[in-house]
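Asks: A single structure is presented below for examination.
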């Protein structure tokens, strides 16, 4: 079983959801992002999702876009992301990577998979790669023992839902609302419905980009990124990040509070 | 002719998942797959439906003013050393070939029962065309436009608003066309139930490249027949400018099966491909994924999209439609860069010889033709016949061109 699977199982045994915290690599700097992710782990975040900054992030809302722009303007490279993953994985927490497809294709799919595995990354979340176009990634992730998280959406048909989860390994990412990251739910019942539809066709854990009690994992990005974005100094940002991470960690452990 | 512009014809088609060789396909969030499948299904049903084809044909004829003329530009020809036939898409309603695509997609939007269209625009031409169709079909219309472009193209912003559209300035990233496209995509993901994303060129995820190509391929169907009628034969070459590439595919498609007809696409070379300041995705870019499709892209070593540069706002885009990438791969079409200066020299030449002010986009096709003519004449040993897609008129470019030539009176 993958390291993410082990972490999900452990959380499930504790009767709680897994907490995934997302941060763009190289934001605000390479070292700053390592410090931020380490702080999140220390404050109780179970799994770190490292997003590779990309010039055209169509699935991300304004907060993560701004953070990605700052990282890119600072000159972060894909090779830096590998170094960040290695440093964060060294803490012992599972590190999953979220990336748009072009940076992977440009790096070379197999080489990327090899380097990600040797950095200690568990696998990829691919917001703009659907299984239909993923032959090369399916082969590379098999060859290097990496997880594959494709997205499922409230608009996915039953047939696509079944096909998509069949290609996932590690966990499934359910997009809670029809919209970009950081967006608020327009319809509150879309996410639980999607999670139960996905649960009917897979035994894999299901993560939702929303604080929700019915999923196996909750994925938080924009709110954490905003702590760093809005802070006057890096130290203030880290302090705010620790506070929010601890609150979120308490939230998954004691959801009725 | 345009009574059935969608009648089935021979010509290259992608596979069922929208792949043109190693290009095309769908690189989109799962949330959009259902909408793309719905669009693909609606499109396939519509083209098989004679009433849809008749309605589209009637709109093209009665509203857009097609078939556009094929005009023999004798004075321009004499300067160039070729028999140059201009496909006068500049005479269409709204001033460019783009009206064909927006009318087709607006009809399809109605057919799918959707009430809202969104679009991206660079210079504002596609935005104006979309706002036009939205007014005609009583659809809500939101146009995303980079903030840099809303400032450069204030007149087109006003035109869109006059037509009832909402123009949203995009302040993300480089604040130009590619960022407007990202923002339109985000809108679509969030509002896909009632919204159709009316993409302005033969790019984006399947089925857009093939669908847009088919909506505009009447250009080539008409031009081929008009050339036969006028000259008794096919042309030696067909030329067009290539940004996203819809006007070029529109005129190429009918000729792809005519092996003796050479196809030339002229990309925006900006300050010159060697300077890095250009928008020539095929001649100066590399294979990658952008805006939902695999194609040639201007990108850095890490796959980050680079900013494009061109005097022509309509060609100023760091990608190109996947069918062009494939026609380049197979060698069926030739792609060459044309610099800003070369385009503006041809712009001036057409103004002075024919009394036609072309769009700066189309001036790239003219400039490429000027360079091509002597080579083709030498190769053939006779005067070549070249059909040029004059894809749009230059009214929108008067300020840019006036600035370039230094002929604007200084403000008093």
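Asks: Can you tell me which of A:144, A:167 is more than 9 Å from chain B (Cβ to nearest Cβ) and closer than 22 Å to residue B:36 by Cβ?
Replies: Unique residue meeting the criteria: A:167.
Asks: Look at residue B:84 and say whether it is under 14 Å from the mean Cα position of the chain (by Cα) and farther than 24 Å from residue B:175 by Cβ. Write out each step before concluding.
Replies: Values: under 14 Å from the mean Cα position of the chain (by Cα): no; farther than 24 Å from residue B:175 by Cβ: yes.
So residue B:84 fails the test.
Asks: Do the conditions hold for residue A:94, that is, is it in contact with a helix residue (DSSP H, G or I) (Cβ under 8 Å, 6 or more places away or on another chain) and either within 14 Å of chain B (Cβ to nearest Cβ) or surrounded by fewer than 24 Cβ atoms within 10 Å (Cβ to Cβ) (or both)?
Replies: Working: in contact with a helix residue (DSSP H, G or I) (Cβ under 8 Å, 6 or more places away or on another chain): yes; either within 14 Å of chain B (Cβ to nearest Cβ) or surrounded by fewer than 24 Cβ atoms within 10 Å (Cβ to Cβ) (or both): no.
In short, no.
Asks: Go through the stretch B:31-81 and report how many residues are within 29 Å of residue B:287 (Cβ to Cβ), in contact with a strand residue (DSSP E or B) (Cβ under 9 Å, 6 or more places away or on another chain) and modelled with pLDDT of 95 or more.
Replies: 1
Asks: Restricting to the stretch A:60-84, count the residues that are surrounded by fewer than 24 Cβ atoms within 10 Å (Cβ to Cβ), facing another protein chain (nearest Cβ under 10 Å) and within 21 Å of residue B:176 (Cα to Cα).
Replies: 5
Asks: Select, from A:85, A:48, the only residue that is touching a helix residue (DSSP H, G or I) at 6+ places or on another chain (Cβ under 9 Å), in a helix (DSSP H, G or I) and within 24 Å of residue A:234 (Cα to Cα).
Replies: Numbers: A:48 fails: in a helix (DSSP H, G or I).
One residue alone meets the criteria, A:85.
Asks: Follow-up. When you check residue A:151 against the structure, is it under 14 Å from residue A:82 (Cβ atoms) and either more than 10 Å from every other protein chain (Cβ to nearest Cβ) or touching a strand residue (DSSP E or B) at 6+ places or on another chain (Cβ under 7 Å) (or both), yes or no? Talk me through it step by step, then tell me what you get.
Replies: Values: under 14 Å from residue A:82 (Cβ atoms): no; either more than 10 Å from every other protein chain (Cβ to nearest Cβ) or touching a strand residue (DSSP E or B) at 6+ places or on another chain (Cβ under 7 Å) (or both): yes.
The answer is no for residue A:151.
Asks: Give the stretch B:144-175 a look and list any residue that's within 13 Å of another protein chain (Cβ to nearest Cβ) and within 16 Å of residue B:129 (Cα to Cα), or say none.
Replies: B:144
Asks: Would you point out the residue of the stretch B:325-342, among those that are in contact (Cβ under 8 Å) with a residue 40 or more places away in the chain and part of a helix (DSSP H, G or I), that is surrounded by the fewest Cβ atoms within 10 Å (Cβ to Cβ)? Show your work before the answer.
Replies: First pass over the stretch B:325-342, keeping only residues in contact (Cβ under 8 Å) with a residue 40 or more places away in the chain: B:325-330, B:332-340, B:342.
With the extra rule that they be part of a helix (DSSP H, G or I), the set shrinks to B:325-330, B:340, B:342.
Numbers: B:325: 29, B:326: 21, B:327: 26, B:328: 22, B:329: 16, B:330: 12, B:340: 23, B:342: 20.
Step by step, filter the stretch B:325-342, then rank; the result is B:330.
Asks: Could you tell me how many of the residues in the stretch B:368-398 are more than 20 Å from residue B:91 (Cα to Cα) and either in contact with a helix residue (DSSP H, G or I) (Cβ under 8 Å, 6 or more places away or on another chain) or part of a helix (DSSP H, G or I) (or both)?
Replies: We begin by selecting, within the stretch B:368-398, every residue more than 20 Å from residue B:91 (Cα to Cα); these are B:368-385.
Of the ones still in play, those that are also either in contact with a helix residue (DSSP H, G or I) (Cβ under 8 Å, 6 or more places away or on another chain) or part of a helix (DSSP H, G or I) (or both) are B:368-380, B:383-385.
Qualifying residue count, the stretch B:368-398: 16.
Asks: Does residue B:286 qualify as being surrounded by fewer than 20 Cβ atoms within 10 Å (Cβ to Cβ) and within 14 Å of chain A (Cβ to nearest Cβ)? Break it down into steps so the answer makes sense when it comes.
Replies: Working: surrounded by fewer than 20 Cβ atoms within 10 Å (Cβ to Cβ): yes; within 14 Å of chain A (Cβ to nearest Cβ): yes.
Yes; evaluated as a whole, the condition is true for this residue.
Asks: Next up: Report the residue count in the stretch B:306-324 for those that are crowded, with 24+ Cβ neighbours inside 10 Å and within 14 Å of another protein chain (Cβ to nearest Cβ).
Replies: Of the residues in the stretch B:306-324, 5 are crowded, with 24+ Cβ neighbours inside 10 Å and within 14 Å of another protein chain (Cβ to nearest Cβ).
Asks: Hey, can you tell me all the residues within the stretch B:176-207 that are at pLDDT below 90 and more than 11 Å from every other protein chain (Cβ to nearest Cβ)?
Replies: B:176, B:177
Asks: Select, from A:132, A:158, the only residue that is within 14 Å of chain B (Cβ to nearest Cβ) and without any contact (Cβ under 8 Å) to a residue 12 or more places away in the chain.
Replies: Numbers: A:158 fails: without any contact (Cβ under 8 Å) to a residue 12 or more places away in the chain.
Residue meeting the stated conditions: A:132.
Asks: Pick out the one residue from B:279, B:260, B:301, B:268 that is surrounded by 24 or more Cβ atoms within 10 Å (Cβ to Cβ), assigned to a loop (DSSP other than H, G, I, E, B) and at pLDDT 95 or above.
Replies: Values: B:260 fails: surrounded by 24 or more Cβ atoms within 10 Å (Cβ to Cβ); B:301 fails: surrounded by 24 or more Cβ atoms within 10 Å (Cβ to Cβ); B:268 fails: assigned to a loop (DSSP other than H, G, I, E, B).
The conditions single out B:279.
Asks: In the stretch B:289-298, what residues are within 9 Å of chain A (Cβ to nearest Cβ), free of Cβ contacts under 8 Å to residues at least 40 places away in the same chain and assigned to a loop (DSSP other than H, G, I, E, B)?
Replies: The answer is none; no residue qualifies.
Asks: OK, next. All but one of (1) within 14 Å of chain A (Cβ to nearest Cβ); (2) surrounded by fewer than 17 Cβ atoms within 10 Å (Cβ to Cβ); (3) touching a helix residue (DSSP H, G or I) at 6+ places or on another chain (Cβ under 8 Å); (4) under 20 Å from residue B:217 (Cα atoms) hold for residue B:17, so report the exception by its number.
Replies: The failed condition is (4).
Asks: Please count how many residues of the stretch A:1-48 are under 12 Å from the mean Cα position of the chain (by Cα) and free of Cβ contacts under 8 Å to residues at least 24 places away in the same chain.
Replies: 0
The values are calculated or read from the model by the stated rules, or taken from the named source; none is laboratory data. As the structure is a computational prediction, the values presented were derived from the model and not from experiment. Note that each Cβ is placed from the backbone with ideal geometry, even for glycine, and that neighbours are counted across all protein chains shown.
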